Amino acid sequence: AVMDAEGVERAAVFGCSEGASLAAFFAADHPDRVSHAVLYGSFARLAPEPPEYPWSFRGRGLGGIEKAITDSLEGWGEGVMLVPLAPSLLGTDQQPWWGRYERASMSPQTVRKLLAANLDLDLRPALPMVLVPTLVMHRTMDMLPIEGGRYVAERIPDARFVELEGDDHWPWVHDPDEVCGYVEEFLTGRRTAPEPE
């Protein structure tokens with residue numbers, strides 16, 4: 001709808017976390033509208049399903065996911081999402097800002113509904129149908145195990161996988177220039193050198 005409203009025939013799509021699932025579904029369902037797909041911090045499922053897909057929140061099972069949801073709801077509004085999503089920002093002057101962001105963005109009950117909906121996501125059937133050029137990026141120590149990111153890349157035909165250092169789940173934390181560099185190179189075939197200071 002957004003593309004139609006703006007008169008965009010075809011676009012590259014970028015998705016992070018559950019947004020990566022949406023980007024992959026969109027690319028699989030509308031290959032005529034998607035030129036490239038970039039999936040960052042992606043997963044095929046949040047809930048583990050051994051033996052085919054055993055990964056979830058760094059090895060936690062379904063009980064661990066439910067505990068993570070409960071913990072996040074108890075501390076909502078205090079910057080609690082930095083613990084799994086941006087640990088490098090814990091204890092910095094960013095934490096109070098994120099606490100305000102959490103309070104302004106949604107209520108704890110809305111968070112519960114969002115996380116429950118994410119547990120229902122299952123990207124596995126759509127992966128072989130993503131036929132556009134695809135870049136999958138994942139940080140080595142992301143809260144979502146890198147094996148899950150590799151799983152996604154291995155099941156998308158001809159996808160390129162890039163492993164990045166670090167444990168921050170969000171692409172704009174740690175080294176966003178590195179992320180942007182890989183995306184630029186993937187989309188244009190070259191990487192712009194940074195302006196000297």
Inside the stretch 148-179, can you point out the residues that are within 25 Å of residue 28 (Cβ to Cβ) and open to solvent by 70 Å² or more (accessible area, probe 1.4 Å)? 150, 154, 155, 158, 160, 163
Across (1) in contact with a strand residue (DSSP E or B) (Cβ under 7 Å, 6 or more places away or on another chain); (2) under 21 Å from residue 170 (Cβ atoms); (3) not basic (Lys, Arg), residue 132 clears everything bar (2)
Residue 5 vs (1) in a loop (DSSP other than H, G, I, E, B); (2) more than 22 Å from residue 181 (Cα to Cα); (3) at pLDDT 90 or above: all pass except (1)
All but one of (1) modelled with pLDDT of 90 or more; (2) out of contact with any Lys or Arg (no Cβ under 7 Å at 6 or more places or on another chain); (3) part of a helix (DSSP H, G or I); (4) not aromatic (Phe, Trp, Tyr) hold for residue 171; which doesn't? (3)
For residue 127, are the conditions met, namely being of a type in the set (A, V, I, L, M), in a helix (DSSP H, G or I), more than 13 Å from the chain's Cα centre (by Cα) and modelled with pLDDT of 95 or more? yes
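The values are calculated or read from the model by the stated rules, or taken from the named source; none is laboratory data. The structure presented is a predicted model; accordingly, all values stated were derived computationally and were not measured. Note that we place each Cβ from the backbone using ideal geometry, even for glycine, and neighbour counts take in every protein chain shown. Areas reflect the complete protein model, heavy atoms only, side chains present, ligands, DNA and RNA absent. Shrake-Rupley method; radii C 1.70, N 1.55, O 1.52, S 1.80 Å.
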